[in-house]
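No value in this document is a laboratory result; all are computed from the given coordinates. Note that the structure is a prediction, hence the values are computed from the model and not measured. Positions of Cβ are generated from backbone atoms using ideal geometry, with glycine treated the same way; all protein chains shown enter the neighbour counts.
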Amino acid sequence: MILDRYLLRIWAGPFFGGLMLVMGVLLLGRALKLLDMVSDSVQAWSLIGTMLVLTLPYFLLLTVPMAFFLSMQNTIASLQQSSEMDVMRASGLSFTRMFRGFFGLVLLLWLGLTYSSMVLLPQGQLGFNKLVLQIYAMKGAISFAPQRFTHGLGGLSIYVDGERDGRYQGVVLEDGRGSVPVIYTAESARFDRQGDQLKLLMQHGVRLEGEGADQRMLAFDRYRVAIPVATGKVRHLTSSSHVTLMTPTELWHAYQQGDAIAVAEWNRRLLLPTTVIVLFFFALPLSLTQKRSGKAGSMIVGIALLLAVYNLQLMLHRQVSQGVFPGWTMWLEQGALLLLGIFLWRRAEADRLPKVFTQVGELLNALGGRLHRLVARRIG
């Protein structure tokens, strides 16, 4: 028990530190995207906080297996570099005994991630999408990108040069829906949408109607106009609106009906949490390198494995959702990786790892040393 607590304590620091760092970066990136959506609301930060909480289950499914695997790699590499691994092995301890506590830990993480994937993830996505629809429904003003033409408003084309103090500057609006085109230009304008009407209050501008000799011009200091705009109705979302929002029961019924997208989603929700188990068995064989190779080589190989695993899952999920592959192919890939990881763990236990692992570590260490010397020479 003392050994288990010691190893878990070494692992816990990098795990929680890395998890908080990666989650912080992901949440910050999402917050910056959401800020533009809710910036005109008096409750902007409250809305952003709620929306970020709703995205936590998705981010946890991605980051927890990564953080667990890389932290375990760091623990093993640290034990090896400090020769503690050699002492424990010389005293008759097997790798399985050394990392006995991690077997229980990985099972707890798998159970927690499975609950998050099956229950919390669809609830969070449904709540997030509902909140987005509410924000769009509450918005009274239309926003335009400065110095770009905005189309797609039912025959209207709008250009604004910039925005200051809540008003758009340098406005050009072309209404081409009727038989006679109408163009408005104004030094400044305010746009408000009320129901299916686009309300304009323009100042210091010109209204041009018609073409050629029939063109009429009207200069104005203040001009009001209301233009009908097809806004459409906000769709009411429920858990059955899309497979990614469905409860486990609803998704299972859709799965039984043979819908390809439901099949892919059902397998994805169950498969993603098992990634932490697969990565657990790869941590030991990928971290046992020569001491002179340092940690860098094994960590680089570990990151390469993470990229390969998640890209394979993404590719197969896409193929299954399109009906190209059956759902069991997603489990075939995961099962093959799990068997490979167990095989390599057993080879590591018998001190019979393929030489390629050591060679790759030494190669990466040599490349890193050469790059370091090259940079030092350039700086010097």
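Things to note:
- Counted by Cβ distance under 15 Å from residue 53, the other residues give a net charge of +2, where Lys and Arg count +1 and Asp and Glu count -1.
- Estimated FRET transfer efficiency (residue 307, residue 84; beta-carbon r; R0 25 Å; 0.05): 0.25
- Listed peptides 215-224, 275-284 by packing density, highest first (mean Cβ within 10 Å): 275-284, 215-224
- Efficiency of FRET from Cβ geometry, residue 351 and residue 2, R₀ 41 Å, rounded to 0.05: 0.95
- Within-15-Å neighbourhood charge of residue 326 [Cβ basis; K, R +1; D, E -1]: -1
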